[in-house]
Amino acid sequence: MSRRPISISIDRLRGKRPATGPARRLPGDERSCPHCQSHFRAEEMERNCYVCAVCDHHFGMTARQRLDHLAGGEPWEEIGGELRAADPLRFVDLEPYTERVRAAEAKGATEAMISAYLEIEGQPCVVSAMEFGFLGGSMGSVVGERFARAAEFAVARNVPLISVTSSGGARMQEGVLALMQMAKTIVALDELADARLPFVMVLAHPTTGGVWASFASLGDVTYAEPGALIAFSGPRVIEQTTHEKLPANFGLAERQFEHGHVDAVVDRRELPARLGRLLGILEQPPRDESQSLASQLAQNGSERAARMAQALPSLSRRLRGRPADATYHPSRGHSGS
Ligand SMILES: [Zn+2]
């Protein structure tokens, strides 16, 4: 076997590679785009908010990366971070639930949701971001409680609540306790609504099952990331059950937008600015200012009504004065009058 060291001439490679050629293609890993196979360095990924610079594919993001991105790199205050999953059912499938939780925690996250108090473009708010890397972003007791505490915190501070979801649904290992979190998150949103505070949803890939069937579908304003799967059941499950072929874009954010389930599909790189602007619009003015605004609107309304009343008779005269045989020809214009 030859011991000769391998030498690569970078200059020669540079000379052969056109300046504006296609991006490098390497075997698949978490930094290679599954759509166009472009490969990126870690700092390139971070700089571009984990979006493919070639085809705009949105990669997954951890909850911490989400919060850092929305907060513009500023610090945030975690809410309910001390909560940890218990195992009241002593559930065992292929391995005990406690072992699965321990393995998920070893990757760095403490649960499938992080709630935090932060500012987006100068607008204070509470954000609950989901972590798909923790047991598929599944909603168990801790996720439900962290969401409920986030809503309570938002009410106490009189700020809006935003949630970014990425979840496979309810956590099967917690059985009915996981399903109870669907009702719990909805009750938490009722309290938010009673306090007249907005709830903004950002649906990231994938938002499915019990999360989509509870709080994720209740946003006052709902944004989705491009290409995100948003459905109760994924297309594979439905096709296996019904033996029917589904459309290729079934459940994707763009199709959900076409059908009115989503207000806008927003590129992740524009999300902080978009949310900041929205929160600025939804911000409630102080009481005395809002009264003057109401009277101003009423005055504007009556002025507009008066202008309409003046304009209507002349408008109807114009309509009456129009000859009955007036028809339009592209070459000659109106034939009547
Ligand atoms: Zn790509």
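Where a number appears in this text, it was derived from the coordinates with a stated rule and is not lab data. What you see is a predicted model; the values in this text were computed from it and never measured. Neighbour counts run over all protein chains shown; Cβ positions are idealised from the backbone, glycine included.
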Checklist outcome for this item: Going through region 101-116 in order, the residues found to be surrounded by fewer than 24 Cβ atoms within 10 Å (Cβ to Cβ) and of a type outside the set (A, V, I, L, M, F, W, C) are Arg102, Glu105, Lys107, Gly108, Thr110
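A quick yes/no check of all residues on (1) part of a loop (DSSP other than H, G, I, E, B); (2) within 15 Å of the chain's Cα centre (by Cα); (3) surrounded by fewer than 16 Cβ atoms within 10 Å (Cβ to Cβ); (4) in contact (Cβ under 8 Å) with a residue 40 or more places away in the chain:
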| position | (1), (2), (3), (4) |
| --- | --- |
| Ala248 | yes, no, yes, no |
| Glu254 | no, yes, yes, no |
| His261 | yes, yes, no, yes |
| Glu270 | no, yes, yes, no |
Checklist outcome for this item: Looking across region 29-58 at residues that are more than 10 Å from the ligand (Cβ to nearest atom) and assigned to a loop (DSSP other than H, G, I, E, B), the single one that is surrounded by the fewest Cβ atoms within 10 Å (Cβ to Cβ) is Asp29
Checklist outcome for this item: Scanning region 185-222 residue by residue, the ones that are in contact with a His (Cβ under 8 Å, 6 or more places away or on another chain) and assigned to a helix (DSSP H, G or I) total 1
